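To start, the structure under review is shown below, and the notes come after it.
Any read-out appearing in this document is the output of simple, stated calculations on the displayed coordinates, not a laboratory observation. What you see is a predicted model; the values in this text were computed from it and never measured. Don't worry about glycine lacking a Cβ; one is built from the backbone with ideal geometry, like all the others, and counts go over all protein chains shown.
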Amino acid sequence: MLQALKTSKHKWPLRIGAVFGLSALTYLTVVPVGPNSFGLKLTFNNVSATDLPSGVYFKVPLVQQLYTYTRGPITLEYSAGGCRTYLCDTTADHAALYARLRIQYTIQPNHIGLAMRPLTNYGIIMPDGWWEMTDTLNASGSAVLGRRTMQENMAAFEAVATELKADIEDRLRQNNSPFKVENFELLGFRTVLPTSTNAYRHTP
């Protein structure tokens with residue numbers, strides 16, 4: 001929107017300034033997009049003249065933005081721990097241990113949390129919800145692996161897997177995230193030594 005400000009005595013009396021604003025009414029609608037996706041449509045109303053100072057305005061029509069999401073399950077493999085690099089200690093004895101996870105989740109179309117964070121869920125290159133889901137996995141990995149030493153975590157594989165799944169689901173619920181965990185696997189552990197990276201795969 002452009003606003004014509006008051007004229008002055010200079011040669012060019014008209015100055016143009018930008019005015020940005022949104023009305024209080026924003027409409028959110030879940031719409032079908034295709035067989036494998038759905039959309040969250042955001043419609044912003046025009047700014048009311050009563051909300052703006054006096055002046056001349058160029059009217060802008062309704063603005064709509066459509067975010068599309070995968071309808072079916074999304075599979076993500078990720079090494080979860082204290083941070084997004086292999087430089088953070090995670091365990092009770094300050095070892096850099098990471099849980100190698102495979103998680104399958106779906107985005108719930110009618111979940112109120114979807115309307116609160118469309119930009120964080122929108123996937124272009126990465127899967128839908130990648131940033132929020134991996135942040136949750138890192139927080140859970142740090143919390144659960146931090147209860148034991150590195151060797152204790154490896155010895156208690158099944159218990160760690162159970163605790164991780166419960167912690168992840170609890171964090172998603174507390175954060176009002178629109179994700180539902182459909183399947184969860186702890187594939188093994190990964191740790192960083194001074195000169196190499198070792199992967200430990202669980203063999204039941």
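The table below gives the values:
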item	result
Estimated FRET transfer efficiency (Glu77, Ala115; beta-carbon r; R0 30 Å; 0.05)	0.55
Label point distance in nm, Asp135-Gln108, each placed 7 Å from Cα along Cα→Cβ	1.9
For Arg117, Arg190, order by how many other beta-carbon atoms lie within 10 Å, fewest first	Arg117, Arg190
Order of Met133, Met154 - criterion: other Cβ atoms within 10 Å of each residue's Cβ, fewest first	Met154, Met133
